[in-house]
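The values are calculated or read from the model by the stated rules, or taken from the named source; none is laboratory data. As the structure is a prediction and not an experimental result, all values here were calculated from the model. Backbone-built Cβ (ideal geometry, glycine too); neighbour counts: all protein chains shown. Ligands, DNA and RNA are excluded from the accessible area calculation, which covers all protein heavy atoms including side chains. Shrake-Rupley method; radii C 1.70, N 1.55, O 1.52, S 1.80 Å.
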Amino acid sequence: MADETFLEIQGRMIEITGKLKQLQTQIRNKEGEKKRAFLTLEELKQLAEDTNTYKSIGRTFVLESKSVLMNEQEQKFKDSETAIASLQSSKEYLEKQMAEVENNLRELLQQDPGIARQIMSMSVA
């Protein structure tokens, strides 16, 4: 019974850890997109209104007005901020779940010291 509970808790912990790592990667990617959009906006602001500006589409460059490019970058920036906020709330939720699983594991180990001895005697090799 206790072994089954331990395996269930261990499985949940592994699952939550994987999801947390995935979320952290997504957050880093969105932060990179946000930074690129911000830097591009800063460079576009320095240009005169009549400057020819080009948008990259694959390996092709298409002539676009400065205002269109600025609007696109502002939208990318806002979208990235929204996505980061959403991912952060998901991360906080998963961290709470992880704390709950850790507490469950602590309680299990306190209730059945035999499991703690079995875990400690397992070799990681």
* Hey, could you grab the Kirkwood Rh for the chain? Inverse mean 1/r over distinct alpha carbon pairs, Å, one decimal. => 18.6 Å
* Structure fact -> Using the Kirkwood formula on alpha carbons, the hydrodynamic radius of the range 35-107 in angstrom works out to 15.3 Å
* FRET efficiency, Glu64 to Lys35 (Cβ-Cβ, R0 25 Å, nearest 0.05) -> 0.70
* Asked: Mind checking the dipole of the chain: about its Cα centre, +1 per Lys or Arg Cβ, -1 per Asp or Glu Cβ, Debye to the nearest 20?
  -> 400 debye
* Using a 10 Å cut-off on Cβ atoms, rank the peptides 16-24, 61-69 from the highest mean neighbour count down. => 16-24, 61-69
* Carbon and sulfur %, accessible surface of the chain computed with the full protein complex present, 1.4 Å -> 52 percent
* Value of Rg/Rh across the range 68-107 [Cα atoms, Kirkwood radius] -> 1.42
* Taking a probe of 1.4 angstrom, what is the accessible area of Met13 in Å², to the nearest 10? -> 50 Å²
* To do: Just tell me which lysines come within less than 22 Å, Cα to Cα, of Lys66; anything on the same chain fewer than 8 places away is out.
  => Lys34, Lys35, Lys45, Lys55, Lys76, Lys78
